[in-house]
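Worksheet: one structure, shown below.
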2 protein chains.
Amino acid sequence: MRSPDELRALAEAYVGDLALTPELGALQESLRYATAGGKRVRATICLATAEAAGAEAERALPAAAALELVHAFSLVHDDLPALDDDRERRGRASTWARFGEAIGILAGDALLAEAFRLALTYPTPAVARELAQATLGMIGGQYLDVTGTAPDEPTLHRLKTGCLFAASVGCGLAAADVPDREQAPWRAFGDELGLLFQIVDDILDGDGYALSHGADGARRLADEAADRARERLAAVPADTAILLEIVDGLATRTA
Amino acid sequence: MRSPDELRALAEAYVGDLALTPELGALQESLRYATAGGKRVRATICLATAEAAGAEAERALPAAAALELVHAFSLVHDDLPALDDDRERRGRASTWARFGEAIGILAGDALLAEAFRLALTYPTPAVARELAQATLGMIGGQYLDVTGTAPDEPTLHRLKTGCLFAASVGCGLAAADVPDREQAPWRAFGDELGLLFQIVDDILDGDGYALSHGADGARRLADEAADRARERLAAVPADTAILLEIVDGLATRTA
């Protein structure tokens, strides 16, 4: 089994070399721009899940790339002036700030459609179903955020972040053809990852959970989320050493 | 076999009663608003194709609704201020004008994701693949339009309009489980429909082909497109009487 860094490099190379739909023409440039520079956390989880479930990671590459494209879609649209109005992303101009607002909208649309095209290269609809469900949850979360109508912080993050992390595990299982009846312990693990990622993100950015719970309180919440993820992982009947490394990495990351 | 009007009513009722994803919450209102009032041309073609191919039209309803949702997605985003900046659509406020720009962007995103969710209710990925390909073509067409970089009018319309009309036939075939090796004559028919629809649209609106070719010239082009569609249909080994009615309706429509 390959290390998280090896799996990340595999995903990075695949996303970088992705053949986009020719009909997109010169719009492709904005899609490449929007997908560059990510940490590939979701892709790595997907690949590690597939390997832990007994498949070649390579088999899960289209699913892993599709997850990164959905993630990129959500960032590109969230950054738009009418939503979060962010001119910067990953230390450079956000997609709309670089290419204009019209291209920002179209690039996000195309990223989502390309994600489905990739997910649909599998012989069954399972990967694409995971993706559709997660995307709808994310959009519901962004709606709660934009309108300020979230009932509470956990609900907001379960939708905005948690859905796609859970789908990262789900897509890995689907790509590895793990039967539905064997998926429950894996999925219980996947459900814990998004919250862990979000709390640590907020600690690093000094917002969200770091504001609502203080730095120490947020750190405690993150440690508890990591512990729950490790417990769930212990219940998965497979060699989950690499996934455990990923959990440790998410809990202790500094960027 | 049911008439075009009966099939249209079937699609209308199905789209109207569609259960949207609960996680979308109150965003659902904007999706319902955006999908109300369409002519259901694409859905009707899909249902008629499925019936002509020997399946129950009901089997093709999720595919037909998915086509309408993709169409609605494209209208909602095209109307945005950064793109066509249209405040009106179908005789009332466009979705962003009614709900604000942020909701307009999210509603479009959700319509596209819901379309895939519906297309993915089939046991095979065939319908969803049609949809992904057509959506990417449409976005490529909108990019050419927005940037004014289309090499010519037919290329622009083949992408912007033609792709989704062709997919309406393709989705009907997929829903009816027509084997790939038998699809060629049907697809040749589907490829003619988009152009016919677009030219008549331009005649009714007094723009596009009506401007570039004059009213009489555009009428002649529309008649030729209708003739080609009828010829292609004659080569389809099935009872295509209803599809022929749809071609006649598209050629002579006045609204």
Please find, within segment A:84-99, the residue that is most open to solvent (accessible area, probe 1.4 Å) out of those that are over 22 Å from B:Leu112 (Cα atoms) and assigned to a loop (DSSP other than H, G, I, E, B).
A:Arg87
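Could you check how many residues of segment A:21-39 are within 21 Å of A:Ala93 (Cβ to Cβ) and outside any helix (DSSP H, G or I)? Reasoning before the result, please.
The first filter runs over segment A:21-39 and keeps only residues within 21 Å of A:Ala93 (Cβ to Cβ), leaving A:24, A:26-39.
Filter once more, keeping what is outside any helix (DSSP H, G or I): A:36-39.
Qualifying residue count for the region: 4.
Being of a type in the set (Gly, Ala, Ser) and facing chain B (nearest Cβ under 8 Å) is the filter here, so list the residues in segment A:76-94 that pass it. So that I can check it myself, show each step before the final result.
Within segment A:76-94, the first condition is being of a type in the set (Gly, Ala, Ser), and the residues that meet it are A:82, A:91, A:93-94.
Within segment A:76-94, A:Ala82 is the sole residue that qualifies.
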For segment A:225-247, which residues satisfy the criterion of being over 17 Å from A:Gly172 (Cα atoms) and exposed (fewer than 14 other Cβ atoms within 10 Å of the Cβ)?
A:Glu231, A:Ala234, A:Ala235
What's the number of the condition B:Pro151 fails, among (1) more than 19 Å from the chain's Cα centre (by Cα); (2) in contact (Cβ under 8 Å) with a residue 24 or more places away in the chain?
(2)
Please enumerate the residues belonging to segment B:25-64 that are within 14 Å of chain A (Cβ to nearest Cβ), surrounded by fewer than 24 Cβ atoms within 10 Å (Cβ to Cβ) and either of a type in the set (Asp, Glu) or more than 17 Å from B:Trp96 (Cβ to Cβ) (or both).
B:Gly25, B:Glu29, B:Pro62
Search segment B:95-122 for residues that are without any contact (Cβ under 8 Å) to a residue 24 or more places away in the chain and at the interface with chain A (Cβ under 8 Å from one of its Cβ atoms) and pair each with any residue that is outside any helix (DSSP H, G or I) and open to solvent by less than 10 Å² (accessible area, probe 1.4 Å) when their beta-carbon atoms are under 6 Å apart and the residues are at least 6 apart or on different chains.
B:Leu120/A:Pro125
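Given B:Val236, B:Val247, which one is out of contact with any His (no Cβ under 8 Å at 6 or more places or on another chain), over 30 Å from A:Leu106 (Cβ atoms) and not in a helix (DSSP H, G or I)? It would help to see each step written out before you state the result.
On the way: B:Val247 fails: not in a helix (DSSP H, G or I).
Of B:Val236, B:Val247, the one residue that is out of contact with any His (no Cβ under 8 Å at 6 or more places or on another chain), over 30 Å from A:Leu106 (Cβ atoms) and not in a helix (DSSP H, G or I) is B:Val236.
Only residues that are away from chain A (no Cβ under 11 Å) and closer than 19 Å to A:Leu131 by Cα: list them for segment B:9-24, please. First the steps, then the outcome.
Step one: of segment B:9-24, the residues away from chain A (no Cβ under 11 Å) are B:9-19.
B:Ala19 - this is the single residue of segment B:9-24 that is away from chain A (no Cβ under 11 Å) and closer than 19 Å to A:Leu131 by Cα.
The values are calculated or read from the model by the stated rules, or taken from the named source; none is laboratory data. Note that the coordinates shown come from a computational prediction; the quantities given were computed from them, not determined experimentally. Cβ sites come from the backbone with ideal geometry, for glycine too, and all protein chains shown count toward neighbours. For the accessible areas, the whole protein counts, side chains as well, though only heavy atoms, and no ligand, DNA or RNA atoms are used. Shrake-Rupley method; radii C 1.70, N 1.55, O 1.52, S 1.80 Å.
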